[in-house]
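**Student:** After the C-alpha cells below, expect a handful of questions from me.
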Amino acid sequence: MRKKVRDVMTRKVASVNGSTPFRDVAEVLIHHGVSAVPVVDGEGHVLGMISEADLLRKEEFKRQYYHEGYRPPLSARLREQLARRGRGPEDRARGDVAAELMTSPAITVKDHASLVTAARQMSANGVKRLPVVDDEGRLEGIVSRHDLLTVFLRSDEEIAGEIRDDVVGALWPYMPEVDVSVDDGVVTLSGRMATAGDARLLAQMAERVNGVIDVIDELEWPTSAARA
C-alpha cells in the first residue's frame, strides 16, 4: 500500500499564534531545532508560516542598508514575486508579532495526500516543510523533506513482500509464475506472464511501490501473446 502524508508526518508540532512576539518566535525555532513554525488561530487553523528567513528579513531590510544601495539577492526578489503573500517584504520586516511577520497564506497539504503530492508542492513553492491540515484547515502535523526520504529506508524484504502480495497477488488472480527479488531497493522481476501487456503493467506497478529505486524487467511471455 502506498504511503500517505499521515504515515510519515511529525504529529507533535510547535506552533505560535498571531500575537506571539518576535523574540518568542525566535526562541521557539531555536528550542525545537526547526527552521519554520506554523501560525495558528485559537481553533488551530493554520494562518501562515514563519521561517528563519522571515525573522532575518528584519536585518536584511534595515533602512541603513538601502542608504548604501543594498538590494536583496535575485533569488529572494523572485521568491517574493512568485509567492502568494499579502504583505510586502519591507512591511513584514517591520513586524513585531507573528501575524505581521508570517508568510500568508500558508502552503499546506492534507494528511491523506500522497507523498508525491507533498514533494511536488515543496518543489514548486521552494519550501522544505509543509503544515499538514485536516479538511477544516486545522493543524495536524508537519511533513518535511526528511520525512519523505524515509520511504527509501524500507527493507528489501518489505518491498518484495508488497510487490508479491499487493501487486502480483491482487491484480492477477491466475497467479503468474513470477519471481520478485530486491537488492538495495532495486527490484528484479523474472518469470512468465500471460501477455506482454501484463508484463509491462507489472513492471510499471512495481515502480510505484514506496522505496523502489529502480526495476529490472526480465519477464517473459508466450510468443503468441506478444501482440496482446
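**Student:** For Thr223 and Ser181, FRET efficiency with R0 = 22 Å and r from the beta-carbon atoms, rounded to 0.05?
**Tutor:** 0.30
**Student:** Something else now. Using modelled amide H (1.01 Å from N, peptide plane; none on Pro or chain starts), what sits under 5 Å from the amide H of Val40, excluding residues fewer than 5 places away?
**Tutor:** Answer set, sorted by chain and number: Val16, Asn17, Gly18, Leu47.
**Student:** From the C-alpha gyration tensor of region 172-228, pull out the three semi-axes of the equivalent ellipsoid (sqrt of 5λ each), sorted largest to smallest, in whole Å.
**Tutor:** 21, 10, 10
**Student:** Fewest to most neighbouring Cβ within 10 Å: what's the order for Lys12, Lys3?
**Tutor:** In increasing order of surrounding Cβ atoms, one gets Lys12, Lys3.
**Student:** Oh, and also: Between Ala170 and Glu158, what is the label-to-label distance in nm when each label sits 7 Å out along the Cα-to-Cβ direction?
**Tutor:** Distance between label points: 1.7 nm.
**Student:** Something else now. Each residue of region 127-136 in turn: what ³J(HN,Hα) in whole Hz from Karplus with 6.51, -1.76, 1.60 and θ = phi - 60°, glycine and Pro shown as x?
**Tutor:** 10, 9, 8, 10, x, 9, 10, 7, 5, 9
**Student:** Take the alpha-carbon centre of region 133-154, take the same for region 173-198, and report the distance between them in whole Å.
**Tutor:** Cα centres, region 133-154 to region 173-198: 32 Å.
**Student:** What's the local net charge at Asp135, with K and R +1, D and E -1, over the other residues with C-beta under 12 Å away?
**Tutor:** Around Asp135, the charge tally is -2.
Computed from the coordinates by the stated procedures, all read-outs in this text should not be read as laboratory data. In this text, all values refer to a predicted model and were calculated from it rather than measured experimentally. Ideal geometry is used to build each Cβ from the backbone, glycine not excepted, and the neighbour counts take in all protein chains shown.
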